[in-house]
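Single-structure report; data block below.
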Amino acid sequence: MLPLNLQGIILLWGDRLERLNIILQSAIYKNIVAEITEYEKDREFCRHTMQHFVDTARICYILILEDIMKAAYSDGKRSIFTKEVIYAAGMLHDIGRLEQYQTGADHAVKGAEIAGDMLSKAHFSPGEIELITTAIREHRRLPENPTYLGERLYKADKLSRPCYGCSVIDECRKKDLAKEFQDLKY
Ligand SMILES: [Fe+2]
């Protein structure tokens, strides 16, 4: 029964992340991630590692699968997703971190630009690029009316952090948020 269409969300079935894997194997992606790791080597708080990106992508996917299973979401809009679109948002959402460390730019804004370039080179369609880059732009601070994917990416980003086992939670600048997401849920 494909595609799955419940209350306005359509998840196109597909197991393959072929285009995303082109990005993940590219020198530019690997170099940016390696440089972020270098900048953060003495960081006491949560780091922005491959593990964080994978956790965010997986939790974002789970959140959307849960919405579909519960058929709980309906705002009258039709949103079309594939696993690859959701994973691309997760794997690229912090790609602007390096620029933030180097120039002070907002990593969500810069990340959307860098991701847009990578996605277009990997043959994502303009519609897919728009969904992913908007979600990346929204993941840092949710706007008043976030997109469906942006809202789930924001949540997944927080839920992927192990706040439940954190010894520096009281010094964390996100401690109010951290306390909200403190219980292990995914
Ligand atoms: Fe993140």
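The values are calculated or read from the model by the stated rules, or taken from the named source; none is laboratory data. Computed from a predicted model, the values in this text were never measured in an experiment. Reconstructed Cβ throughout: ideal geometry from the backbone, glycine too, with neighbour counts over all protein chains shown.
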Among (1) within 16 Å of the ligand (Cβ to nearest atom); (2) at pLDDT below 95; (3) more than 17 Å from the chain's Cα centre (by Cα), Glu40 falls short only on (2)
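Would it be correct to say that Tyr186 is within 17 Å of Cys60 (Cα to Cα), within 16 Å of the ligand (Cβ to nearest atom), among the hydroxyl-bearing types (Ser, Thr, Tyr) and surrounded by fewer than 20 Cβ atoms within 10 Å (Cβ to Cβ)? Talk me through it step by step, then tell me what you get.
Details: within 17 Å of Cys60 (Cα to Cα): yes; within 16 Å of the ligand (Cβ to nearest atom): yes; among the hydroxyl-bearing types (Ser, Thr, Tyr): yes; surrounded by fewer than 20 Cβ atoms within 10 Å (Cβ to Cβ): yes.
When the stated conditions are applied, Tyr186 passes them.
Can you name the helices (runs of 4 or more DSSP H) wholly within the range 103-160 that have at least 1 residues being within 14 Å of the ligand (Cβ to nearest atom) and at pLDDT below 95?
Details: elements: 107-121, 126-138, 148-159.
The helices (runs of 4 or more DSSP H) meeting that bar are 148-159.
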Counting only residues that are under 20 Å from Lys174 (Cβ atoms), among the charged types (D, E, K, R) and surrounded by fewer than 18 Cβ atoms within 10 Å (Cβ to Cβ), the range 105-139 contains a total of 1
Could you tell me how many of the residues in the range 12-57 are part of a helix (DSSP H, G or I), free of Cβ contacts under 8 Å to residues at least 40 places away in the same chain and not β-branched (Val, Ile, Thr)? 8
